[in-house]
Amino acid sequence: MTDMASLMEDRAAAKVISGNLRKPVDWDSPKISRQIKKRYAAERRFKMYGLSAIAIALLALAVLTYSIGSKGYTAFFQTYVQVEVFFDPAQIDPDGTGDPAVIGKANFDGLIKESLRKRFPEVTDRRSKRDMYDIISGGASYDLRERVMENPSLIGQTRKVWMISGDDFDMLNKGYISADVDEGDRRLNDEEISWYHALQADGAVEKQFHTRFFTNGDSREPELAGIWGAAVGSLYTLAVTLALSFPIGVLAAVYLEEFAPRNRFTTIVEVNINNLAAVPSIVFGLLGLEVYLNVMHLPRSAPVVGGLTLALMTLPTIIIAARAAIKAVPPSIRQAALGLGASPVQTVTHHVLPLAMPGILTGTIIGMAQALGETAPLLMIGMVAFIVDIPGSALDPATVLPVQIYLWADSPERAFVEKTSAAIMVLLGFLVLMNGFAVYLRKKFERKW
Amino acid sequence: MAVVTQSAMTAEPSVTSPKMTARDLNLFYGENQALFDVNLDIVERQVTALIGPSGCGKSTFLRCMNRMNDTIDGVTINGQVTLDNRDIYDKAIDVVQLRARIGMVFQKPNPFPKSIYDNVSYGPRIHGLVNSRDELDEIVMTSLERAGLLKEVKDRLQEPATGLSGGQQQRLCIARAVAVSPEVILMDEPCSALDPIATAKVEELIDELRSNYTIVIVTHSMQQAARVSQRTAFFHLGKVVEVGETDQIFTNPKDERTKGYITGRFG
Amino acid sequence: MSLTFLLLAIAALCALSFYFGRQRAIALSGGRYSNLHSLPAHYGTYTAMWCGLPAILLLLVWHMFQGTIIQGMIISDLPPEILNDSGKLSLALNSIFLLAADNGEHLSVSPEVIDAGKRLASLQIIANVALVVVMISVALVGLAFSYRKISRDMRARNNVERISRYVMIACSGIAILSTVGIVFSLLFEALHFFTKINPLDFLFGLEWSPQTAIRADQVASEGAFGAIPLFVGTLLITLIAMCVAVPVGLFSAIYMGEYASPKFRAFAKPALEILAGVPTVVYGFFAALTVAPFLRDNGAVLGLDVSSESALAAGLVMGVMIIPFVSSLSDDVMSQVPQSLRDGSYGLGATKSETIRNVIFPAALPGIVGAVLLAVSRAIGETMIVVMAAGLAANMTVNPLQAVTTVTVQIVTLLVGDQEFDSAKTLSAFALGLALFLITLGLNVFALKFVQKYREKYD
């Protein structure tokens, strides 16, 4: 470097002595015009890179939404099959008691099988019969029982009844099973497909809105599986998370922003919070497993433990958002309150916090949305159990929406693919609502000081 | 009185074949008009000072002269600005080339966070003005020399420019502008962030540069305008109130407003 | 349910004590509040705090120890032949807890265990009743104590403010507490693991197969615990993700910040943010069900043998997930580059792209490096995408078309489902967790330092 510097010095000295001017640039020379052309080409290229980067990102989003949406929308409808059912008194209520206890214990499953045998009398082979019974879901017998319990006068009559179909039949009706494939490579054989065509020719196959999907808990049978159990589990979990992380987060933010002296403790807390915000979520799961389950022996799979774990995870998000909101309140407001003789705590509770609240709430909602979509830490604390019942409290075993998605995504049945996608749509719907609300809050209370 | 001003503004009989001209220039920031029918001639190889109270539009006008306002959203301009009798807002004019011909030095020294050498060589490099490293070295040295900085920095050309003092940084920015061999150099309050000694150096430099370049300088200091410029234009509320020889403006202003500003009654 | 009830009861008591405290203050004031040192509401808050806070504190401490103490009592009563065999013990404990929860009718267990189950159930009931009684009495004692202390000259406001200050400090301390909790719980179990497996074998071993025994006669060692294949797999997927996320994220930030019209930005920016809000489990499903088959089929067309759980699929989707992260961080960083630098460059006649490449990007580089490091840390810790789309087999390969496994995948596989505690297999998950925590923590600290330095430079 020194060599070059001294070289330059010499040359510069020569220049100064001669004192001559550099000749002006000829901007119209062909060389310069070529340069300019090249530079503009580079400019266009660069801009193209930027645009294509955004295009790639948006394309990925579009493909994601499309692939979920196109796979999932069919799950909101379910195939039903109409079969003529004879409500055989001998089967349902042989003694004619009309006692609900007796009716409730009757073999409705057998009734359905009987009806199917009547519909397809040509089926005699044992295996074929078993296949035939799969046309109707195992859950249909519960529907039938409920129907008879509600209206015992049905006993002895013959009625055409729409019954929920089995998952393979449903898939066939929705076009996910193609008859063109070699028979050995599909879930339904030719005979089963011929039954489908026969029923369809009768007008006995139709799709109905699938309310069960929204009201049922999980099930091994795809057509009976619903998201309500997981949704309630999510609700309990989020409630616990919110109840803990919101007050603790806000109080911590207030302290750090308004009261904390500049000392070692404060610095450590601040560094800590920043780092906690970037700790992988699964590590919080390990913490929950070790502390809540192994040390404190709280119940496994319970929303309360999930909520406690997620609360620790969302705490940094809320603290950071709340601090930013509090910081945005101008000092003049504090000075005004203090000048009137309000104590620091009064200043904060009467003036600073109310003004910062929209920002704090926005941050909290975003933190809650994150918690709602979180899966990994909940796997660690056992919220992946197969749970049919709708949880009744935060202490019952439960699962949550994203974990339900994970469980269904792992299931081999074809019909669970559409359930998974549909559950994803529901989850995304909740997230869009929450984020939309956060944006609304921010827009509505946005204030420029 | 108004009639006199008007004639002083449009006629300008003393100026023949100006380097740059502005004719009926209006500028809007969205809805707000910032410049009103500005007419001004810039004489070659002279220093023209633009003075006036803050917010009068002098900096805005300066930025029109090399189309720096193009980078701001929502600015609309009508009227004409010419360089060597060609409209610089013409579609055929290339902004990039134009800015190479009309260099600019800003209010706050803004060296790039690179070495001193890289700062000065940046312009020639992007414009492809050189064919060899030697040529580039030469341009860097002459430009630094011309900006009066060579002696101070020749031993640390590879050190970061941000390590220089404020005055040195500003002279480096001048060197950086000079390195592209522009025809006109626009200076937007180049000394406002500098201490008096650094200011004196830069002013001296401006005076030397005058022999080779056409210079337009915006300044809020009337002393500075008087010291460095040959011609002065007084801006007020987005309009050119008066323009003329610096001596005449300062000793015998024709307009009441000019007189008021110069004597310190407002501004 | 009883917990909810208890909390509601305490809340009601607090409300009641607020009312009492306030009334007493009003009565003492003789109708003129200025006779009091503080406002009546302060006296109310003071009593409410004395009523609620000790009770809540007690509840926390109680729950921290109740399980351990009861379990200790149960274990001490078990016959020695169960006690001395850790496998039998954990099995017996499991049955006992099921029995106590009325879920164990179908279990065929020894009478001692059934007795223990009954004992556990009764102990739990006793503990719950005791908790209710003790908590309510603590609340009442607090109420009575503070009520008696109320006088005209008592500085209720100062007391309330002092107590709230302590509460706030405690809340801030929770952040530290959770870090300490993470470190200790990981360290404790990991050390436990390292008493069974040599740390050097773990850190530098080339084979990972926790499920299978190498030699049947090996004591306490069920498999191979060499973590190198996991680290390689993690790095491979992270690298693929970064190859997508860094260029795409950076260029979107550049276009968004420097070129896009306000209209375009108003549409594209939220759209990019949606990508950030999509839960990872959704990305995992997308990777496993759409991207992986797509890659496999197209690979087959090109004559490539792409595994159906290829690192490429997981990496690509993870990259998409991280795009908005990189883009928003680098957007922040680049928008902090002062306008004067841009002006300087434009003023010399540089085009936009020249300005970005030669001035803005180099100036923002430290910040961008920090952003990329944060993104890397995020990719390393990401779990669901890899659990669903990457494989389980610990292949030592850098071929993106093959299946690899990652640290997070192994943690999940080892800990989901029934676990036998104390086995090296389960404990290894904590050792992996510790490694993961330390690596990401290191990256974060480093990255935040970078960003911090950068901010200071331009603020």
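Put simply, the C-alpha atoms of region A:299-431 give a gyration tensor, and the ellipsoid matching it has half-axes of 42, 16, 10 Å, longest first. In the context of the full set of protein chains, region C:224-458 has a per residue accessible area of 34 Å² (1.4 Å probe).
Each label point was placed 7 Å from the Cα along the Cα-to-Cβ direction; for residue A:193 and residue A:350 their separation is 8.0 nm. Relative contact order for chain C: 16 percent, from Cα pairs under 8 Å spaced at least 6 residues apart, divided by residue count. Computed 3J(HN,Hα) for region A:355-364, one whole-Hz value per residue from the Karplus formula 6.51 cos²θ - 1.76 cosθ + 1.60 where θ = phi - 60°, is 6, 8, 4, x, x, 5, 5, 4, x, 5, glycine and proline marked x. Both radii were evaluated on the Cα set of region A:76-210; the Rg over Rh quotient, with Rh as the Kirkwood radius, amounts to 1.01. Shown for region C:355-379: residues covered by the partner protein chains by 30 Å² or more of accessible area relative to the chain by itself (probe radius 1.4 Å), namely C:357, C:358, C:359. Please check which bits of region A:164-190 a label hung off residue A:109 would reach, taking the label as a point 7 Å along Cα-to-C-beta and the cut-off as backbone N under 17 Å. What the label zone holds, given the 17 Å backbone N cut-off, is A:164-167.
Taking only the C-alpha atoms of region B:125-167, the Rg (one decimal) and the largest Cα-Cα distance, Dmax (whole number), read 11.6, 32 Å. Excluding same-chain neighbours fewer than eight residues apart, the lysines reachable from residue C:425 by a Cα-Cα span under 25 Å are C:88, C:196. The GNM of chain A, with springs linking C-alpha atoms under 10 angstrom apart, assigns the highest mean-square fluctuation among A:102, A:254, A:439 to A:102.
Would you kindly work out the equivalent ellipsoid of region B:2-262 from its C-alpha gyration tensor and give its semi-axes, the square roots of five times the eigenvalues, largest first in whole Å? If you can, show how the numbers build up before the last one.
Working: eigenvalues 200, 85, 52 Å².
Computed over region B:2-262, the values are 32, 21, 16 Å.
Report the FRET efficiency, 1/(1 + (r/R0)^6), for residue B:73 and residue C:112, where r is their Cβ-Cβ distance and R0 is 60 Å, rounded to 0.05. Once rounded, the FRET efficiency stands at 0.15. Interface A-C: total buried accessible area of about 6800 Å², 1.4 Å probe, protein heavy atoms only.
Compute for chains B and C the buried accessible surface, both sides summed, probe 1.4 Å, and express it in Å² to the nearest 100. Intermediate results must be reported in sequence, preceding the final value.
Values: alone 12460 and 25020 Å², together 35890 Å².
Approximately 1600 Å², summed over both chains.
Cα extents for chain A along the principal axes, largest to smallest and rounded to whole angstrom: 122, 75, 42.
Heavy atoms only, probe 1.4 Å: what % of the accessible area of the protein assembly as shown goes to carbon and sulfur, would you let me know? All intermediate terms of the calculation are to be shown ahead of the outcome.
Values: 31270 of 52420 Å².
Of all accessible area on the protein assembly as shown, carbon and sulfur atoms account for 60 percent.
Can you tell me the 0 to 90 degree angle between the C-alpha axis of helix A:401-410 and the longest principal axis of chain A, rounded to 10? Computed tilt is about 70 degrees.
Between the helical axis of A:30-72 and the longest alpha-carbon principal axis of chain A there is an angle of about 30 degrees. With the convex hull drawn over the C-alpha atoms of region C:95-191, the volume per residue is 167 Å³.
Interface B/A, total buried accessible area with a 1.4 Å probe, nearest 100 Å²?
Details: alone 12460 and 25650 Å², together 35690 Å².
Buried surface at the B/A interface: approximately 2400 Å².
What does the extension gain come out to for residue C:7 and residue C:90, with contour length at 0.36 nm per residue minus their alpha carbon separation? Mind showing how you got there, number by number?
Working: separation 83, 0.36 × 83 = 29.88 nm, distance 3.31 nm.
This chain segment gains 26.6 nm when fully extended.
Determine the shielding of peptide A:41-47 by partner chains: average, over its residues, the number of Cβ atoms on other chains within 10 angstrom of each Cβ. Don't jump to the answer; show the numbers that get you there.
On the way: counts 0, 4, 6, 2, 1, 11, 9.
Taking the mean over all residues of the peptide, I get 5.
For region C:41-65, a decrease in accessible area of 40 Å² or greater in the assembled protein chains relative to the isolated chain, with a 1.4 Å probe, applies to C:63, C:64.
Distances between placed amide hydrogens fall under 5 Å for residue B:34 paired with B:27, B:28, B:29, all partners being 5 or more residues away or on another chain.
Our note on the geometry: Cα centres of region A:203-273 and region C:262-318, 26 Å apart.
For the protein assembly as shown, what does the helix formula give at 222 nm: sum of -39500 (n - 2.57) over DSSP H segments with n ≥ 4, over the residue count, nearest 500 deg cm²/dmol? Don't skip to the end; give the middle numbers.
On the way: 49 runs with 717 residues, N = 1175.
Dividing the helical sum by the residues of the protein assembly as shown leaves -20000 deg cm²/dmol.
Entry for region C:224-458 at q = 0.10, 0.13, 0.17 Å⁻¹: log10 I(q)/I(0) = -0.55, -0.84, -1.18, Debye formula applied to identical alpha-carbon scatterers, no solvent contribution. No solvent, one uniform scatterer per C-alpha: report log10 I(q)/I(0) for region C:327-459 via the Debye equation at q = 0.20 1/Å, two decimals. Debye output, listed in q order: -1.09.
The calculated FRET efficiency for the pair residue C:144 and residue C:191, based on their C-beta separation and a Förster distance of 41 Å, comes to about 0.30.
Among the lysines, select those whose C-alpha is under 22 Å from the C-alpha of residue A:443, and discard any that sit fewer than 8 residues away in the same chain. The qualifying lysines are A:327, C:263, C:269. Give me the distance in nm between label points sitting 7 Å out from Cα along the Cα-to-Cβ direction at residue A:40 and residue C:308, one decimal. Each label point is offset 7 Å from its Cα along the Cβ direction, giving 5.5 nm. Rounded to the nearest whole Hz, the Karplus-based 3J(HN,Hα) values (6.51 cos²θ - 1.76 cosθ + 1.60, θ = phi - 60°) of region B:254-265 follow the sequence 8, 9, 4, 5, 4, 4, x, 5, 5, 7, x, 7, with x at glycine and proline. Label-to-label distance for residue C:71 and residue B:155 is 7.2 nm, based on points extended 7 Å past Cα in the beta-carbon direction.
Over region C:1-73, accessible surface divided per residue gives 54 Å², non-protein components excluded, 1.4 Å probe. Placing R0 at 22 angstrom, the Cβ-Cβ distance between residue A:440 and residue A:228 gives a FRET efficiency of 0.20 after rounding to 0.05. Residues B:127, A:350, sorted by accessible area with the largest first, give A:350, B:127 [1.4 Å probe; ligands and nucleic acids excluded]. Cα convex hull, region A:178-300: 220 Å³ per residue, rounded to a whole number. Proximity of backbone amide H atoms, modeled 1.01 Å from N, is registered between residue B:104 and B:186 at under 5 Å, excluding neighbours fewer than 5 places apart on the same chain.
Summarising the overall dimensions of the protein assembly as shown from its C-alpha atoms, the Rg and Dmax are 39.0, 128 angstrom. Please go through the residue pairs A:113/A:160; B:151/C:453; B:108/B:201; A:444/C:453; B:91/C:352; B:58/B:254 and name each one whose alpha carbons sit more than 24 Å apart in this structure. Among A:113/A:160; B:151/C:453; B:108/B:201; A:444/C:453; B:91/C:352; B:58/B:254, the Cα-Cα distance tops 24 Å for B:151/C:453; A:444/C:453. Taking every protein chain into account, the accessible area of region B:2-262 amounts to 38 square angstrom per residue (probe 1.4 Å). Summarising the amide proton neighbourhood of residue A:156: residues at separation of 5 or more, or on other chains, whose placed amide H is nearer than 5 Å comprise A:87, A:88.
Is there a quick way to get the dipole size of region B:2-262? I mean about its Cα centre, with the Cβ of Lys and Arg at +1 and of Asp and Glu at -1; what is the value in debye to the nearest 20? List each step's numbers first, then the result.
On the way: 28 positive and 34 negative charges, 41 e Å.
The dipole of region B:2-262 has a size of about 200 debye.
Report the one residue of C:358, C:452, C:319 whose Cα lies farthest in the direction of the positive end of the charge dipole of region C:310-459 (charges on C-beta: Lys and Arg +1, Asp and Glu -1; origin at the Cα centre). Of the options given, the answer is C:358. Using only alpha-carbon positions in region C:10-58, the gyration tensor eigenvalues give semi-axes of 23, 9, 6 Å once each is multiplied by 5 and square-rooted (largest first).
For chain C, the alpha-carbon radius of gyration amounts to 1.34 times the rule-of-thumb value 2.2 N^0.38 Å expected for a compact globular protein. Taken along its three principal axes, the alpha carbon spread of region B:92-184 comes to 42, 32, 21 Å, from the longest extent down to the shortest. 3J(HN,Hα) along region A:257-266: 7, 10, 10, 4, x, 6, 9, 4, 4, 4 Hz, from the Karplus curve 6.51 cos²θ - 1.76 cosθ + 1.60 with θ = phi - 60°, whole Hz, x for Gly and Pro.
Each principal axis of the Cα cloud of region C:2-154 was evaluated for its coordinate range; sorted largest first, these ranges are 74, 26, 16 Å.
The values are calculated or read from the model by the stated rules, or taken from the named source; none is laboratory data. Since the model is a prediction, treat every value here as computed from it, not as a measurement. FYI the Cβ positions are ideal-geometry reconstructions off the backbone, even for glycines, and counts take in every protein chain you see. Calculation scope for accessible area: heavy atoms of the full protein, side chains included, ligands and nucleic acids excluded. Shrake-Rupley method; radii C 1.70, N 1.55, O 1.52, S 1.80 Å.
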